[in-house]
Every structure is written in structure tokens, then in C-alpha cells.
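The values are calculated or read from the model by the stated rules, or taken from the named source; none is laboratory data. Keep in mind the model is a prediction, meaning the values are calculated, not measured. We place every Cβ from the backbone using ideal geometry, glycine too, and count neighbours over all the protein chains shown. Each accessible area value is taken on the protein alone, full model and side chains, heavy atoms only, with ligands, DNA and RNA left out. Shrake-Rupley method; radii C 1.70, N 1.55, O 1.52, S 1.80 Å.
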Amino acid sequence: MRKEIIKKKQKQPLADRLRPRILSDFFGQEKIIGKKSFLRRAIMGDAVPSMILWGPPGSGKTTLAHIIAHKTNASFIQMSAVSSGKKALVEIVENAKELFQEKDKKTILFIDEIHRWNKAQQDVLLPFIENGTIILIGATTENPSFEVNSALVSRARVFVLEKLTKSEMVGILKKTLKKLETESGEILIKREAIATIADFSNGDARMALNTLEACVKSVSKLEREIEEVDVKEILQKTHILYDKNGEEHYNIISALHKAMRGGDAHASVYWLARMLEGGEDPVYIARRLVRFAAEDVGLADNHALILSNAVFDACKKIGFPECNVHLSQCVIYLAKTKKSILAYDAYKEAKKDVERFGNLDVPKHIRNAPTRLMKNLGYGKGYKYTPKEDSSEQQYLPDELKDRKYFA
């Protein structure tokens with residue numbers, strides 16, 4: 001019977017099978033789960049509030065939820081926003097209401113990837129979180145400010161989990177190896193191999209443990225030590241974190257803009273490479289460079305706009321990977337050249353007057369007069385034709401703005 005249980009457990013992925021069940025086994029996230037933290041005290045006292053756990057993949061969101069599940073006296077229910085709909089949620093809510101009313105027992109509902117639910121699904125929870133029937137634990141990799149209903153966010157504590165450091169990843173791998181050895185016997189693995197798994201996993205504990213499991217299965221048959229080359233063979237390519245539709249997309253394009261604005265060409269090329277190698281559309285990047293050339297470089301170097309337009313055209317014509325050098329050339333040029341926001345600021349100031357004064361009349365002397373009626377109404381009367389007359393005193397702005405200056 002014992003052998004059958006072990007076999008059944010070993011069918012689960014390593015990351016799930018050996019997931020920590022107590023806080024002392026949890027690695028990382030000291031800011032939110034340290035010894036004197038609010039969340040740690042709440043978990044130990046079985047008094048967790050509704051919360052949103054926001055962090056990158058493999059940072060410990062689901063593990064924290066499972067630790068809470070093993071510590072709490074409340075009814076604990078787990079569901080995924082990917083595979084569960086409104087109908088299943090309504091059933092859970094009804095059962096929670098019964099428990100709360102009849103046995104004064106609360107329900108903790110853990111929803112993984114809560115950002116995948118639409119507003120209507122999220123709204124179902126609001127009154128029951130409000131009255132304490134349900135304690136929500138939502139896990140998301142996306143910024144809850146954008147992807148989770150603001151009314152839901154306002155009723156929950158948001159805890160931000162950070163990407164795990166290399167040393168934390170190494171600690172998780174070593175602790176997991178000890179647990180794994182109790183199941184399967186001694187596992188021989190070189191220190192460099194553990195370090196490589198930690199490096200390539202990019203702060204994602206789940207990825208690290210899945211890689212470790214693949215290495216153990218692959219090499220254990222050969223009855224030798226797991227080496228760095230084995231890890232690289234299994235991974236083949238470094239996994240690059242870049243979500244084209246998520247927050248990381250905006251973080252990295254922001255980093256590229258600010259590096260170019262600050263004149264750091266080296267950092268600019270790095271962020272460009274992060275985007276391209278992560279699968280970003282080069283035309284999107286080129287479009288942002290065209291904007292940058294006018295907004296940040298502007299009148300300080302008019303050639304920048306010509307170059308960025310040419311690169312935009314090249315990206316559309318030849319595509320990736322050939323256009324990477326065109327983008328690199330443009331990014332370096334934009335970073336190194338002089339900057340001027342005169343045109344950018346001038347437009348902002350003009351826009352303020354448009355919003356403040358509305359539709360001011362065009363002065364009659366600069367209106368076009370293609371018909372006799374328009375001429376009789378005074379359109380174009382008194383206009384001075386600049387190539388032939390002195391027009392230095394001619395007014396081109398409406399009377400209300402006649403002395404306005406939008407730039408020095």
C-alpha cells in the first residue's frame with residue numbers, strides 16, 4: 001500500500017509534490033513574510049484578510065496560499081480563473097453562506113490567475129467579501145491596478161512578491177534535493193549544475209524545480225553525477241521573461257525610453273535586445289523610436305526623425321532578425337544625440353489654450369476668401385502677402401491669444 005501511495009505522488013510534478021506546507025520551509029519574500037511582518041502574524045494567528053498576491057511566475061503565490069490552507073481552521077477552497085466560470089463561483093458562494101450562517105465558519109477562497117476573470121465574475125464576490133462570508137486570496141502575475149476590478153482591490157490587501165534571487169533559488173533547490181532523496185535515494189549533482197539551474201530559471205522556482213526533475217530523470221538512468229552540461233542540454237536556451245501583453249512589456253519599453261533620454265546607449269541596446277529576443281514586434285519598437293525622435297530629440301537634431309522613419313520602414317520591409325541592426329543603430333544614435341523637448345512642450349501649452357478657450361475665431365484677415373460673399377464679409381481683407389510685403393506686425397493668433405508665446 002505504501003509503494004502505491006509513493007507512485008501516485010510521484011506522478012505529480014516535483015514543484016507540486018514537494019511544495020512547502022509550513023512557513024519555515026518557505027524561501028524568499030522576506031519583505032512580506034519576514035518574522036515581524038503583518039502577513040506572517042496573520043497566517044500564524046489564523047486571521048488572514050482578503051488579499052491579492054501579485055508577483056512574477058514562480059515567486060511563491062500558490063505556495064503561500066497552500067501554507068495558509070494547512071494553517072487555517074476556515075474552509076479552504078481553491079479554483080483557477082482559467083478553467084472555472086461564474087456558475088462554479090456561485091455554488092461556492094452559496095456553500096460559504098451556509099457555513100457562515102449555520103456554523104459561523106468562514107471560507108477562504110483561493111483564485112489562481114484572478115486577472116483572467118472578467119468584471120462580472122469578479123463582482124459576484126464583492127458583497128460576500130464585504131460581510132466576511134468569504135476571505136479572498138487572489139493570485140496574479142499582472143498589475144492588479146489594471147487587471148483586477150478596483151472595487152475588489154479596495155477590499156483586499158495587495159502584497160507584492162518579488163522575483164526570487166539566485167541565492168534563494170539555490171536554497172530552494174538544495175532543500176528540495178534533500179526531500180527528493182528521502183523518496184528516491186541519494187542524488188549526485190555538482191554545485192555548478194545547481195547554480196546553472198538557478199541562473200537559467202530567472203527567479204522562477206517552478207521552472208527551476210521542473211528543470212531539476214528533468215535532470216534527475218535523464219541522468220539517474222546513467223547512474224552518474226548531474227553536471228552543468230546536462231542542465232544546459234535540457235534547457236537548450238535561456239528563458240527570457242518578457243510578456244508582450246503584460247506589465248513587463250510596459251516596464252521594458254519604459255526602460256528603453258529612459259535610457260535613451262538619459263544618454264546611456266549601452267543600456268538602451270540592452271533593453272532593445274531584451275524586447276526583441278523576448279519576441280516583441282520590431283515594428284512596435286520602431287514606432288516608439290519615431291515618437292521619441294520628435295518628443296525627446298526634436299529640434300536639437302532634425303536628422304533623428306529622418307533616421308527613425310527610415311528604420312521604421314526597414315523593419316516593415318525586412319522584418320526580424322535582419323532588422324535588429326537597424327534598430328540598434330537608431331537606438332544608439334537617439335541615445336547619443338542632443339535632446340530638446342521644445343516642440344513637445346510647445347504643443348502641450350497650445351493644447352491648454354485650446355481646452356481653456358474653446359473654438360476661438362480665426363482672424364478675418366488670414367481667412368481664405370474664395371467667393372465674392374466671403375470677400376464682402378471681410379475675409380482676407382488687409383492680409384499682407386509675406387513674400388512681397390512687410391508682415392512683421394501681422395497678427396496670426398486670435399485676439400484673445402495675440403501675445404501668447406509657447407516657447408522661448
| query | 222 nm [θ] for the chain, helices only, -39500 (n - 2.57) per DSSP H run of 4+, per residue, to 500? | reply | -16000 deg cm²/dmol
| said: Compute a Gaussian network model of the chain, connecting alpha carbons closer than 10 Å, and tell me which residue from Lys179, Lys381, Lys190 fluctuates the most. | reply: Lys381
| message | Can you give me the % of accessible surface on segment 105-147 that is carbon or sulfur? Probe 1.4 Å, all protein chains present, nothing else counted. | response | 47 percent
| query | Cross-link partners among lysines for Lys190, C-alpha distance below 19 Å, same-chain residues fewer than 8 apart left out? | reply | Lys166, Lys174, Lys175, Lys178, Lys179, Lys217, Lys221, Lys232
| note | Averaging 1/r across every pair of distinct alpha carbons in segment 138-216 and inverting yields a Kirkwood hydrodynamic radius, in angstrom, of 14.6 Å
| remark: Those chymotrypsin sites (Phe, Trp or Tyr not before Pro) from segment 331-374 that are DSSP loop and have at most 12 other Cβ neighbours within 10 Å turn out to be none
| query | What are the radius of gyration and Dmax of segment 91-154, computed over its Cα atoms and given in Å? | reply | 12.1, 37
| said: Averaging over every viewing direction, what projected area does the convex hull of the Cα atoms of segment 224-361 cover, in nm²? | reply: 12.0 nm²
| request: Treating the angle as unsigned and between 0 and 90°, give the value, to the nearest 10°, between the Cα long axis of helix 166-184 and the longest Cα principal axis of the chain. | output: 30 degrees
| request: Counting only heavy atoms of the protein chains, get the accessible area per residue of the chain (1.4 Å probe) and round it to a whole Å² value. | output: 59 Å²
| said: Computing the accessible area with a 1.4 Å probe over protein heavy atoms, can you report the carbon and sulfur percentage for segment 289-408? | reply: 54 percent
| query | How large is Rg over Rh for segment 38-89, taking Rg from the Cα atoms and Rh as the Kirkwood inverse mean of 1/r across Cα pairs? | reply | 0.99
| Where is the GNM fluctuation largest for the chain (alpha-carbon springs, 10 angstrom cutoff): Lys61, Lys364, Lys166? | Lys364
| Given 10 as the ceiling on other Cβ atoms within 10 Å, longest exposed-site-free region of the chain for GluC sites (Glu not before Pro) in DSSP loops | 1-185
| field | Kirkwood Rh in Å, taken over segment 297-408 so that all alpha-carbon pairs contribute | value | 18.2 Å
| For segment 333-358 and segment 173-203, what is the separation of their Cα centres, given in Å? | 55 Å
| task | Using only the alpha carbons of segment 129-180, determine the length spanned along each of the three principal axes and report them from longest to shortest in whole angstroms. | result | 44, 25, 13
| said: Helix 86-103 against the longest principal axis of the chain: what's the angle in degrees, Cα atoms only, rounded to the nearest 10? | reply: 60 degrees
| remark: Other residues with Cβ under 14 Å from the Cβ of Asp313 give, with Lys and Arg +1 and Asp and Glu -1, a net charge of +2
| message | Bins of 5 Å, beginning at zero and ending with the bin holding the largest distance: percent of Cα pairs per bin for segment 8-128, please. | response | 2, 9, 18, 21, 20, 16, 11, 3, 0
| note | Nearest 10, in degrees from 0 to 90: the angle of helix 342-357 to the longest Cα principal axis of the chain is 80 degrees
| said: If you consider only alpha-carbon coordinates, what radius of gyration and Dmax does the chain have, in Å? | reply: 30.7, 105
| What span do the alpha-carbon atoms of segment 54-187 cover on each of the three principal axes, reported in whole Å from largest to smallest? | 51, 36, 24
